[in-house]
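Data block below; observations after.
The values are calculated or read from the model by the stated rules, or taken from the named source; none is laboratory data. This one's a predicted model, so the numbers in the text were calculated from it and none came from an experiment. Virtual Cβ from ideal backbone geometry, glycine too; neighbours counted across all protein chains shown. These accessible areas exclude ligands, DNA and RNA; they are computed on the full protein's heavy atoms, side chains included. Shrake-Rupley method; radii C 1.70, N 1.55, O 1.52, S 1.80 Å.
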Amino acid sequence: QGQSLWGGRFSAKPADIMQAINVSIGVDKRLWAQDLAGSRAHCRMLAQQGIIQPADAEAILGGLDVIEGEIKDGTFPFRDAYEDIHMNVEARLSELIGEPSGRLHTARSRNDQVATDFRLWVRDACDRTVEQLKALQSALLDRAEQHAGDLMPGFTHLQTAQPVTFGHHLMAYVEMFGRDAGRFADARARMNENPLGAAALAGSPFPIDRHMTAQALGFDRPMANSLDAVSDRDFALESLAAASIAAGHLSRLAEEIVVWMTPMFGFATLPDDLTTGSSIMPQKRNPDAAELVRAKTGRINGALIALTTVMKGLPLAYSKDMQEDKPPVFEAFDALDLALTAMTAMIAAIRPNTEKMAAAAGAGFSTATDLADWLVRELNLPFRQAHHVTGAAVKRAEALGVGLGDLPLTELQALDGRITEGVYEVLTPEASCASRQSFGGTAPEQVRARIADWRSRL
Ligand code: ARG
């Protein structure tokens, strides 16, 4: 039976619908550890500054420890009547220690309290995500190393383009996830300022020490404007933007796994424990995990849109709209957590069919560019003209039903009499890959060098 914390001014209890629309404890109970950390830091600071008595601070800190124990062993009473995590903790503290509990909220408001708790939560989430991205990168590195020399077709427009190696393909994702980790680290660095002490919106008349609480909570410095401190959620938005971009990368890789696994491609399979069967079609082996990684992007992008929409047009400073910041952030990070973990498991376990990939790498006239490059290099043709001659060669090979490498020399010489036997050396997919020694190219030596760079960085 909640005695509301602002009962002094009110003569009626909230209507049921008031409580129903207002309550957030079901969601923000996840901030309990951050809320306790913020309260401890605030309490110690109040005592050090002589704003509360040492004995009261001791009682408060003792009560907060009891609360932590109750939450951990599942006996803490989370009550809707107390609306959110902040008031649930304070109400419980009052039951546990009585009068001194009422001193904890000196020089503090739920506005700076929630901004602090949420920043701490998002900061941890960013750190966790960076670790998960690194784990995925190292799974990719292991597989890339194993397959640094194994051929696969490279595509543009999902049409055979030029041969690459499977290792090179995987390393493309190592780069993407590396930038994703960088985005989370950047967001973390920018968000790492302390809102606590902004109080409701204007700061506090008490001699608080915001540098002290900043240090206690691992923030670099106090936020410099109290209105900004309680009213912006750009740190959450920035993290969601990073999550959304990372989810986009995950979904592209997931889509490729789905494509590779379709029997028409047959490039890869996943082991039984990472696929599902069909309840009706006995032959099926479905890449559900990859599909769900692909789909989680929907939730994550939705979360970004939800929160940017909540925040747009809000006047300074705090508005209750901002309570709607937590569900999308929790949902997005939960989805990203699952997606990253599932993707790491799939990458570690995927079984590429290297023979099938290599055969496909040589099909579809994939070395046509190598022929054109040979004409430029050996016969000094302008590239545009070489492109034209090669196009005619492909047309002829297609008519004869052979690959470029099997087109008789006489056929090639009919297109340009100066073409010699030596041309066939560049027309295999192995030679094509091996020749691409430009920095960042697909030649196995290049791929191995990039793997080594990443190993030293992770
Ligand atoms: N539950 C609120 C939230 O999440 C806490 C802040 C409430 N502040 C206020 N002035 N009503 O935003």
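Points worth noting:
- Angle between the chain longest axis and helix 166-191 axis [Cα atoms, degrees, rounded to 10]: 20
- Heavy-atom surface analysis with a 1.4 Å probe gives the range 349-435 a carbon and sulfur content of 53 percent of its accessible area.
- Relative to the current alpha-carbon distance between ASN225 and LYS320, full extension at 0.36 nm per residue lengthens the span by 32.2 nm.
- Estimated purely from DSSP H runs of n ≥ 4, each contributing -39500 (n - 2.57), the mean residue ellipticity at 222 nm for the chain is -20000 deg cm²/dmol once divided by its residues.
- Estimated inter-spin distance, GLU95 and PHE439, nm [label 7 Å along Cα→Cβ]: 6.5
- In this calculation the C-beta distance from GLU398 to ARG455 is compared with R0 = 45 Å, giving a FRET efficiency of 0.55.
- Using alpha-carbon coordinates, inclination of helix 54-72 to the longest axis of the chain, degrees: 50
- In the range 1-102, taking the dipole from charged Cβ atoms about the Cα centre, the farthest positive-side position among ALA57, SER24, LEU36 is held by SER24.
- The accessible surface of the range 71-196, taken with every protein chain in place and a 1.4 Å probe, is 46 percent carbon and sulfur.
- Here LEU61 and ALA348 are evaluated by their C-beta separation; at R0 = 45 Å the FRET efficiency comes out at 0.50.
- Axis of helix 326-349 versus longest Cα principal axis of the chain: the two differ by about 40°, to the nearest ten degrees.
- If both residues of a DSSP beta bridge must be in the chain, then about 80% of such bridges are antiparallel.
- Distant-in-sequence amide H partners of GLY154 (H built 1.01 Å from N, under 5 Å): ALA161, GLN162, VAL164
- Shown is the FRET efficiency for GLU421 and LYS284, computed with R0 = 51 Å from the Cβ-Cβ distance and rounded to the nearest 0.05: 0.55.
- A 1.4 Å probe run over the protein chains yields, for the chain, 47 Å² of accessible area per residue, whole-number rounding.
- For PHE76, residues with placed amide H under 5 Å, excluding near neighbours: ILE71
- Placing unit charges on each Cβ (+1 for Lys and Arg, -1 for Asp and Glu) gives the range 94-245 a dipole about its Cα centre, and among SER101, PHE177, THR129 the Cα reaching farthest toward its positive end belongs to SER101.
- Note on ASP234 and ARG448: the model spin-label points, each 7 Å out from Cα along the C-beta direction, lie 4.8 nm apart.
- Total charge dipole magnitude, the chain, about the Cα centre, Cβ charges on Lys, Arg, Asp, Glu only, Debye to nearest 20: 500
- Farthest toward the positive end of the dipole of the chain, out of ALA317, ALA348, ALA144, is the Cα of ALA317, where the dipole comes from beta carbon charges about the Cα centre.
- Our coupling estimate for the range 443-448, obtained by passing each phi through the Karplus curve with A = 6.51, B = -1.76, C = 1.60 and θ = phi - 60°, is 3, x, 4, 5, 4, 5 Hz, Gly and Pro reported as x.
- Taking 0.36 nm per residue of separation and subtracting the current Cα-Cα distance, fully stretching the chain between ALA81 and ARG384 would add 101.5 nm.
- C-alpha center-to-center spacing [the range 322-394, the range 183-214] in angstrom: 45
- Other-chain or far-sequence residues with amide H under 5 Å of MET223's (modelled H): ASN194
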